[in-house]
Amino acid sequence: MIQLTESVYSDQIGYPIEMLDWNIVDEIIPEPLGGAHRDVEKQASEIDRVLKQSLQSLSKLSEEELLESRWEKFKHIGQYREVNM
């Protein structure tokens, strides 16, 4: 799974949410209040929790299922469709 840490100071605050909506990332790992640099241990603990959860979920898939799910996900990134105006 791909994660993206959401920054409260980002000029593009909607960007992580859009990436989630577009299925580019599977989950947004929230930062502690004030940013990850304010509480590095808490942020590291949260990243550790999410990675372990993701690995546990992914380890249940066969190699073929994992490859197929990744292919299905990534082949749609960057797709577009033309709209007649």
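The values are calculated or read from the model by the stated rules, or taken from the named source; none is laboratory data. What you see is a predicted model, and the numbers here were worked out from it, not measured in a lab. All Cβ positions, glycine included, derive from the backbone under ideal geometry; neighbour counts span all protein chains shown.
Tabulated values for the structure
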{"quantity": "Out of I13, I17, sole residue that is under 24 Å from F74 (Cα atoms), surrounded by 13 or more Cβ atoms within 10 Å (Cβ to Cβ) and either at pLDDT below 55 or under 17 Å from the mean Cα position of the chain (by Cα) (or both)", "calculated": "I17"}
{"quantity": "Residue that is farthest from P32 (Cα to Cα) [pool: residues in segment 47-79 that are part of a helix (DSSP H, G or I) and of a type in the set (S, T, Y)]", "calculated": "S69"}
{"quantity": "Test: residue in segment 34-48 that is out of contact with any Lys or Arg (no Cβ under 7 Å at 6 or more places or on another chain), under 27 Å from W71 (Cα atoms), of a type outside the set (A, V, I, L, M, F, W, C) and touching a residue at least 12 places away in the same chain (Cβ under 8 Å)", "calculated": "no"}
